[in-house]
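Q: To start, I am sharing the structure in question, which I have written as structure tokens.
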Amino acid sequence: MIRTPRNVYSSTHPIKSIEDFNGMVIRTMDTKPVMTAFELLKATPVFISGTERYMALQTGVVDAAENSSSEILVKKEYEVTKYLSLTEHMIVPNPIYVSADWFYSLTEEEQALVREVGYEAGLLGTQYELEGLEETEAALAEAGMEINTLDEETKAAIRAAVEPMYEDYFDQIGEEVWSYFL
């Protein structure tokens, strides 16, 4: 499972302290945990389809968005934003899926092998993506984005601000999956 950090990028201002989230209108995914997290950070989360994100940033419908650095580069959203703040506010797993019908048609030994190989592929994918972050962020800086890294105190404040939601989602998500986020 690939697990890489998501960051906030904006056309209005960088995130340098937790207070910088106050009142910021941020395009998020249409998932309750993500929206709840930004509400706890005192931002205004707004779901806008990924296909409309560029235009929403360009026209000022939203002040910012949150995503992985590689997505900002691939979708050329650096063209309509100025600041990339390495908030690392969330780590979203990118699971590997297979058909349940196919998987359960396998023997127990084959199922175990698929799980093992899938796990190893996820680790390798995470390693490659994390190794590529430096290159990706350098390309974003070269394209004109101002990249700012948050200090550990600010990251800790972000984690503390969103901690109340952990209880709300722990039972729904389960300990095994939740451990990927911590």
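Q: Shape verdict for segment 116-179, please, from the Cα gyration tensor: rounded (a/c under 1.5), prolate (a/b greater than b/c) or oblate.
A: oblate
Q: So which trypsin sites (Lys or Arg not before Pro) in segment 1-49 are both in a DSSP loop and have at most 16 other Cβ atoms within 10 Å of their Cβ?
A: K16, K42
Q: Another one. When only alpha-carbon atoms are used, what values of Rg and Dmax, in angstrom, describe the chain?
A: In order Rg, Dmax, the Cα atoms of the chain give 17.9, 55 Å.
Q: Tell me, what are the semi-axes, in whole angstrom and largest first, of the equivalent ellipsoid of segment 74-151 as set by the roots of 5 times the Cα gyration tensor eigenvalues?
A: 38, 13, 11
Q: Calculate for the chain the 222 nm mean residue ellipticity that helices alone would give, adding -39,500 (n - 2.57) per DSSP H run of length 4 or more and normalising by residue count, nearest 500 deg cm²/dmol.
A: Calculated from helices alone, the mean residue ellipticity at 222 nm is -14500 deg cm²/dmol.
Q: Sticking with the crude label model, points 7 Å out along Cα→Cβ, report the distance from S49 to R159 in nm, one decimal please.
A: Label at S49, label at R159, 3.8 nm between them.
Q: Segment 58-122: which trypsin sites (Lys or Arg not before Pro) are DSSP loop and have at most 14 other beta-carbon atoms within 10 angstrom?
A: When the trypsin sites (Lys or Arg not before Pro) of segment 58-122 are filtered for loop state and at most 14 Cβ neighbours within 10 Å, K76, K82 remain.
Q: In addition: Leaving ligands, DNA and RNA out of it, report the carbon-plus-sulfur percent of the accessible area of segment 60-182 at a 1.4 Å probe.
A: C and S atoms contribute 52 percent here.
Q: Next question. For the chain, report the accessible area per residue in Å² (1.4 Å probe, heavy atoms, rounded to an integer).
A: Heavy-atom SASA per residue in the chain reads 58 Å².
Q: A follow-up question, please. When the chain is fully extended, how far beyond the present Cα-Cα distance does V117 get from W102, taking 0.36 nm per residue of separation?
A: Result: 3.8 nm gained on full extension.
Q: Could you give each residue of segment 57-65 its phi-based ³J(HN,Hα) in whole Hz, using Karplus coefficients 6.51, -1.76, 1.60 with θ = phi - 60°, and x for Gly or Pro?
A: These are the phi-based 3J(HN,Hα) values: 5, 5, 8, x, 4, 10, 7, 7, 9 Hz.
Q: Relative contact order, percent, of segment 44-182 when contacts are C-alpha pairs under 8 Å separated by at least 6 residues?
A: 35
Q: Of the options T28, A65, P5, report the single residue whose Cα projects farthest towards the positive end of the charge dipole of segment 1-96 (beta-carbon charges: Lys, Arg +1; Asp, Glu -1).
A: P5
Q: Might you work out the accessible area of Y166 for me, using a 1.4 Å probe with all protein chains in place, and round it to the nearest 10 Å²?
A: Estimated to the nearest 10 Å², Y166 gives 60 Å².
Q: I would also like to ask the following. Can you give the Rg to Rh ratio for segment 1-92, taking only C-alpha atoms and Rh from Kirkwood?
A: 0.92
Q: Report, for the chain, the % of DSSP beta bridges that are antiparallel, rounded to 5.
A: Around 55 percent antiparallel, to the nearest 5.
The values are calculated or read from the model by the stated rules, or taken from the named source; none is laboratory data. Since this is a predicted model, take the numbers as computed values, not measurements. Cβ sites come from the backbone with ideal geometry, for glycine too, and all protein chains shown count toward neighbours. Heads up: the accessible areas ignore ligands, DNA and RNA and are worked out on the full protein's heavy atoms, side chains in. Shrake-Rupley method; radii C 1.70, N 1.55, O 1.52, S 1.80 Å.
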